[in-house]
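Take a look at the structure set out below.
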Amino acid sequence: MRNFVQPGDSLAVAVPYAAGVTAGQGVLVGALFGVAAVDGAQNAVIEAATQGVFDLTKEPSLAITAGARVFWDNTNRRVTTTATGNFSIGIATQAALAADATVRVWLNRVPASGA
């Protein structure tokens, strides 16, 4: 195909956070969510993975069941199960206990309502 650019499993994005981002952290740029491949200061252009399964920081004291829809809390830069005010990023592939610091997430933009 002449108009094919790339697979899209990672994209170059400008880091939107004043504190920057470290490799492995989630990054939300507009309606595009990915996981930073490298460290980057604010406004630096980095590669962010947009597909795959990642262990991401979750809301403290929150237990998440396997198969639960998860959302990105961009204010606190962590995964939550609260849809309101947050951005849908995918599905938990494994259960995470309240004491766990991370949750395993399959990046997959699914409707919050299940529709």
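Can you list residue pairs whose Cβ atoms sit under 7 Å apart, with the first residue in the stretch 52-64 being over 14 Å from Ala99 (Cα atoms) and among the acidic types (Asp, Glu) and the second being assigned to a strand (DSSP E or B) and open to solvent by 70 Å² or more (accessible area, probe 1.4 Å)? Count only pairs 6 or more apart in sequence or on different chains.
Pairs that qualify, where the first residue is over 14 Å from Ala99 (Cα atoms) and among the acidic types (Asp, Glu) and the partner is assigned to a strand (DSSP E or B) and open to solvent by 70 Å² or more (accessible area, probe 1.4 Å), are Asp55/Arg104.
Listed residues Ala99, Ala83; which is open to solvent by 60 Å² or more (accessible area, probe 1.4 Å), in a loop (DSSP other than H, G, I, E, B) and either in contact with a Pro (Cβ under 8 Å, 6 or more places away or on another chain) or free of Cβ contacts under 8 Å to residues at least 60 places away in the same chain (or both)? Steps first, please.
Working: Ala83 fails: open to solvent by 60 Å² or more (accessible area, probe 1.4 Å).
Answer to the selection: Ala99.
Rundown of residues vs (1) farther than 23 Å from Lys58 by Cα; (2) free of Cβ contacts under 8 Å to residues at least 24 places away in the same chain; (3) crowded, with 16+ Cβ neighbours inside 10 Å, yes/no style:
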{"site": "Ala12", "(1), (2), (3)": "yes, no, no"}
{"site": "Pro16", "(1), (2), (3)": "no, no, no"}
{"site": "Gly24", "(1), (2), (3)": "no, no, yes"}
{"site": "Leu28", "(1), (2), (3)": "no, no, yes"}
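The values are calculated or read from the model by the stated rules, or taken from the named source; none is laboratory data. On a predicted model such as this, the values are computed, not experimentally measured, just so you know. Backbone-built Cβ (ideal geometry, glycine too); neighbour counts: all protein chains shown. The accessibility values were calculated without ligands, DNA or RNA, using every heavy atom of the protein model including side chains. Shrake-Rupley method; radii C 1.70, N 1.55, O 1.52, S 1.80 Å.
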